[in-house]
Structures are given as structure tokens and as C-alpha cells.
1. Do the conditions hold for residue 334, that is, is it in contact (Cβ under 8 Å) with a residue 24 or more places away in the chain, under 24 Å from residue 393 (Cα atoms) and not hydroxyl-bearing (Ser, Thr, Tyr)?
2. Which of the strands (runs of 3 or more DSSP E) contained wholly in the stretch 163-244 include at least 2 residues that are more than 17 Å from the chain's Cα centre (by Cα)?
3. Out of the stretch 589-609, which residues are within 23 Å of residue 98 (Cβ to Cβ) and among the polar types (S, T, N, Q)?
4. It is to be established whether one or more residues within the stretch 102-109 are among the acidic types (Asp, Glu), more than 29 Å from residue 280 (Cα to Cα) and either out of contact with any Gly (no Cβ under 9 Å at 6 or more places or on another chain) or modelled with pLDDT under 95 (or both).
5. Filter the stretch 52-109 for residues that are closer than 30 Å to residue 19 by Cβ and among the basic types (Lys, Arg); which is farthest from the chain's Cα centre (by Cα)?
6. Please verify whether the stretch 732-742 includes one or more residues that are touching a residue at least 40 places away in the same chain (Cβ under 8 Å), surrounded by 21 or more Cβ atoms within 10 Å (Cβ to Cβ) and of a type outside the set (A, V, I, L, M).
7. When the residues of the stretch 658-669 are filtered to those that are closer than 19 Å to residue 167 by Cα and in a loop (DSSP other than H, G, I, E, B), which remaining residue is farthest from the chain's Cα centre (by Cα)?
Amino acid sequence: MTELLAPAGNMEALKAAIANGCDAVYLGMQKFGARAYSCNFDETTLREAASYAHLREVKVFVTMNTIVFEEELSDMRAQLAFLNEIGVDGVIVQDMAVFDYIVNRFPDMEAHCSTQMGIDDLDGTLFWKELGAERVVLAREVDIEKAKKIRREAKVPIEIFVHGALCVSYSGNCLMSGLIGYRSGNRGRCVGSCRKPYELLNKTTGKSLGTSYLLSTKDLNTIDYIKDLKELDSLKIEGRMKEPAYVANVVAKYRKALDGTVTAEEKDELKKTFNRTFTKGYLFGEDPKVLSNIQKPNNFGYEIGVISGSYKGMYEIKLHDELRQNDIIRVDHNNEDVNLSVVKLYDREENLINRADRVCYIRIKEKLAKGDLVYKTKDYLFYKELEQHMDGEFRRFPLSLRVYAYPGAHLTVDAEGLGVQCFYESKEILEAAENHPTTIEQVKKQFAKLNDTVFTLQNLEFEECGAFLPVKILNQARREIVDRLYEEKINNKPRRVLTETVEAEVQTAASERDTVQAQAVDEPAASEREAAGPHLTASVTTREQYEACRKEGLTEIYFENIIRRNQIAYEPRKGELLIGGYGGLHYYKDSNPFITDYSFNVVNSVTCRKLHELGARRITLSYELNRRQIADLIAAYRKDYGQAPALEMIVYGRAPLLFTKYCPLKKMGQCGLCKQNRYELRDEYGTFPILSHEDCTTTILNGKILNLLDEMPSIEGVEAFRLNFMTETPEEVSRVIRTAKKKLDGHEENSCFNRETDTRGHFNREII
């Protein structure tokens, strides 16, 4: 059976999701969730939420899908222990350290791979399956046929997003928010850099191609393709920051779609709660050109009419859809929004009316013009209808009762429901009936009043023995039986504690792994590597840059040996590789020496160790680490593993803010011209060069150059410093290499940092 997985940003949204037919919910706590600005749950409310959901046979998955810094590892472990204690069904993770701790400590709690991992192929899925993943959430760039093939061949449950907001950056893995605003998307604090307006500039011609919301994607909507989706295990709705009404609406429609009962009218109602207009996304082959809505980055609403003129100081609206009092509308006037709550609505005679479906009139101070389009952004009546379905019971569970009622004895009941049993005995002694003893029909009538519970009365056995049962006693019995069954259900779950045998197996396996892998990591020995001192490496994008690096004497140059995180296919390679994704890691780890790239988002010692265990010769640190955090990571690694990790650090170059399968140039009619022209985006803070790739994917670069060359002599414990060349000329490449060498050798004391063109990134600042 295909699972319908719903978002829950708070308790109200959770109840709305369950009331409308979801099979599982996903939610976050105050820390480690990728929606830090949602209300989220604390320990008290999460315990309540888990109980509420499990009573109704709904699974609970908790998002811990951020990167985890060294100083947070103990808090991470404590949070996981709590989640295990309250019985959550699974945890969605990005960081390898979190994943490892779940798999090795809590075998009853599933580890799910977040879409943040960027898993988009069979090899990446198999990699995590072999490490113990119970489910993989594929990148949103995967198409449906590939997703189904991965499911068939990997034989691991697959989860995909089917509705809601899309990240323009590949699988949501984005550095733009963090490196510009110091609020990291990988920490759940994205400021929505992609939802801002940008001017597109042709740098070659000096021409502006206009300002728009060029990176703002439409919302995903795949309800028309539900038959194709059923082959996958879990269909996920995005929306942990959305209101409960949104959750109720979307969950209800997809529930009906899965059950084969949804109507065209109901599908159309999806636009009545938040939408940025809709796209079928990469999942069903949307043309990347129409993937974005460059007009508006927030709630678009839906068109209901047009300003058709003015009359007696009022604006006339010609309608093709209904407008009611208390609705909220927006009018698109000169590409600016005029947002209005419809407090008063008039007919042509200036009479107040409650609704209109052809023509109506509004009186406002704002200037509008004939031809302005009118959109409804909130349908008051529809929201009122949704409120009636926010906390009801979607599923009912059978209740069986055996009732014993004898004069001169207590009323007793054996009850069974939700897979548990309880026994009830009344305080009162029953009396014999003087005239009419209580019948089985009367008993059934009272026990069947279960609308405010999860039960429906399926079976009741009652022997009529001449007793009189007051309604008060029956009602009290029903209420207490329900409460006791609830309590039994919540408390009657298997205790999640590792046995001594299991714990011993875990410790033994870890010890054996450490012994074997230490040998691989120690070649050459860590002490020898440290004694040799750091050296320079370089990554390049052109043959000319490569030759310039060789001319300057660099021997480790990443060019044709780069395996990108979205590699379309893998084939045997010779020599050492720079690997950027888990699929490449799985394919090449047993055949080639390799270095892991920055896209693995390594920020703690545990992840370093796991990657070394998998064979990584060196590990490139995340862009989002500062000086202190790097030192903490290295110190912790030394303490726990008795040696230094083999690390690489990017110290120069334009940081790749986001990598995307969407091409903004194609959107603006520049397809194919990227080979002749240079383009960049511009906002109030600066410019962002656009790097177009041969496969029509795109990288948006930071306008300022990361320059930590002055800092290199003071950075201890890093084996290699990488110079990352993207847009530089061969002459610039040579100049930077020479400067870097002088800095490393201590022959250059003057600063090479330019405040106008350069940035130190996060190195001296802590990211939020």
C-alpha cells in the first residue's frame, strides 16, 4: 500500500493531516530540523503528538535533516534517545553522523535518507541501503520512470515529494542563503534567496534582460499522475511551514486520489489554499523553461475576474468565478499587488451584498485601472468548510464488548479494541428491574455513542438477567473503557532497549571496523602527513586553466577526474577521483582512490571517520565551517581516533551558491547563447555569475571571491588547501597560485585580501 505522508508544523496541522486521511506525518523539533522557522515541537508536545498519531495507527517520522556541528553531537544523541523512548517510527537525516548513531544504537527506529543528501540514482540508493537505510527520499530532480526503476532494483522503500514548494537548488542543497545572509539552508534557516527579484545581465553585451523572480519555482502538483505514483512507497506533501487549513486541503485531495474518488472539481480546489501556480516538476518531465513563476514568489491565488471600469466612485469587477464578503483578493496593477480584504461588496445600485458571480463593485482608496486582473487568495467560505474537517476521525477502529449485568452485582465489561484489551467494573451495585429490565438494544444504544472517539461498535454480547442499568452508569462505563483502551494502546508498545547481546555486537563490529580501516587511513601515517605540511590542490573548469596549473607546478588538479553529485552515468575510470555524490562513492569506492568533495557537507569528526572508513584518502570540509569549528573537529578526531583526519579545505574561488537543473537563461530566451556570452544575476548587494554546463544545468556563483590565502599559515591540521577556479583566465590562475605558494612558504607577509572583491565566507563568523 502506498503511504500518504503529510507535514505537521504544529499540533493543529498534525490533527488536520490525520483527520483528512494521511498514513504518516513528518515533523521537527526545535533543533536539527530543516524548517527551523516552523513552530515545531518540544519534548512535551512531541510526546503528545506521537501518542495522538499512534492511537490512530498513523506513523510519526521526525526530521533531523540538518548538518550537525561538532559541539552539537551530544545534543543530537540525547534527542535521538528521546525519540527512541517515545516510540517514533523513523528519523529523516542528512548528516552521516546522525544516520550512523541511529543504525548502531536504535535498531527499532528507522533511519531515512533525506532529500538533502541528493540521492538521484541506483548507486546512491544502494550505498545507503548497504549502510542500513530503511527508506530513501529521492532528490526532486528524479523523473518517475527512474524512481520506479530504482525502487525495483534497489528493493528499498522509496519516498518522493508529490506536492508543495520546490527548491531551485538541486535537492534543496543550497549555500546561497548561508554565504550571503549567514542563515544556512542546510541548518534549516533558509532566508529564501531564490524568492528574491534579480536582474539578469548579459556581461558580454552590457545589456540588461530585465528584473524578475527568476529563481522562484512554481509549486509541485502531481495529483493528475497518481496512478504512476502508486508504484512507490511513500508520497510526501511539502508544507511544515503552512497553516493547518493548507494541510487539511492537500491531504484530503491526495487521499481521495489514492482511493480513486477525487473529482476534477476537488483537484481544482488545491489552488484555494497557498500556491505559486503549479508545475508537474522534474518528476513528470516539465520543461525547465516553465518550471518557475517569475511574476510572483508568494501566494498567487487564482484568477476570478477583471476590473472592467468604474462607477460612482466604485470599481466594477467582471467575474467568472464567485466573490463573497470576507474573501481576500489581490489586484495586479502595473505589476504591483493591491491586496484587499472584501469587507463590503456592492451591487450597481450601491446595495451591500454578500456574494456575486457576474458583476460586483468595491470602494477602495487604491488606484486601479481597467483591465487589471483580480485574483482570490483566500476563499472565506472554503476555509470555513475546511475548519469542519480539522480534528475529526478519518478512520474508525472496531470495538468489541462483553457486558455482564446481574442484580446485586457490579456492572463488568470485557473490552477489546486497537489490538488491546481492558476490564471495567462499575462502583455501583446494580438493582433488579421493577418493571422493565434493560435490554441489549438499550445497552447497544449507549455504547454506540462513540463519535468523539476512534471507535465504532462492532460487536456487543449481553445476557439479559433482569437488571436495571441507568443511562448514567452505561455512559460512565463507555467513557472509562475508551480511556483505558487508549492508555493500554499507548503503554502497550514493545520497549525499545538494546539487549546486552545486541550492544555487544555493535561494539564488536565497531572495534573490528576501526582496526581494519585505521590501516587504510594511515597510509601514509597521519604523523608523516602532518610533518610534510600542507600542499596546494586546484579544481578547474577549462583546459586552459588546467594547463596554467600544470605550468605553475601543481600536481593534484581536479578536472577530468571529477565525479559530480548529479552524474548521469558511471563508467570505469583510472586514477584518483574527486567524488561529489553518494552514487559515485558507491560505484568507485572499491576501484579507485578518491577524495570527497565539499558537497558531502562534512562538519563533524564522526562523518570524517565514516568517510575514511569507506576509503576516502582525503575529505573536503564544508564551506559552512568557521575557524573554531574546524579546530574543534580536528581536536575531537584526534581524541577519539588517536590521529588527525586527512582534510582538504577550499581557500580560494567563487563559491557555488547553488547548483540547479533549471536554466534561468533558457527562461529568458537565451538558450544556446551561453557559449558566446557571459551572464550574471544582480541584486542590491552585488552580482552573481552564472556558470552554464554542457548538460544545461547551471551553477550560480558568489559574486565575491572566497579568499583565505592570508589565513593558510594559521590553519593547523589541514593536509591540502584547494584553489577553486571557475571563471578565471589562465593569467589569473597563475597569479593566484604564485601568491598562494608564497603564503604557504612564509615568503609573503603583505595581505592579498581585497575588501571590494573578496570575502572570507564563514571563516571568522558563525553561521546560524
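1. no
2. Here the list reads 198-202, 207-212.
3. Across the stretch 589-609, the qualifying residues are 596, 599, 601, 604, 605, 607.
4. Taking every residue of the stretch 102-109 in turn, at least one turns out to be among the acidic types (Asp, Glu), more than 29 Å from residue 280 (Cα to Cα) and either out of contact with any Gly (no Cβ under 9 Å at 6 or more places or on another chain) or modelled with pLDDT under 95 (or both).
5. My answer is 56.
6. No, the stretch 732-742 contains no residue that is touching a residue at least 40 places away in the same chain (Cβ under 8 Å), surrounded by 21 or more Cβ atoms within 10 Å (Cβ to Cβ) and of a type outside the set (A, V, I, L, M).
7. If we take residues in the stretch 658-669 being closer than 19 Å to residue 167 by Cα and in a loop (DSSP other than H, G, I, E, B), then 663 is farthest from the chain's Cα centre (by Cα).
Each row is one residue, and each column tells you yes or no for (1) within 30 Å of residue 764 (Cβ to Cβ); (2) of a type outside the set (Ser, Thr, Tyr); (3) modelled with pLDDT under 95.
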site: 135; (1), (2), (3): no, yes, no
site: 174; (1), (2), (3): yes, yes, yes
site: 179; (1), (2), (3): yes, yes, yes
site: 183; (1), (2), (3): yes, yes, yes
site: 212; (1), (2), (3): no, no, no
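The values are calculated or read from the model by the stated rules, or taken from the named source; none is laboratory data. Not measured: the values here are computed from a predicted model. Reconstructed Cβ throughout: ideal geometry from the backbone, glycine too, with neighbour counts over all protein chains shown.
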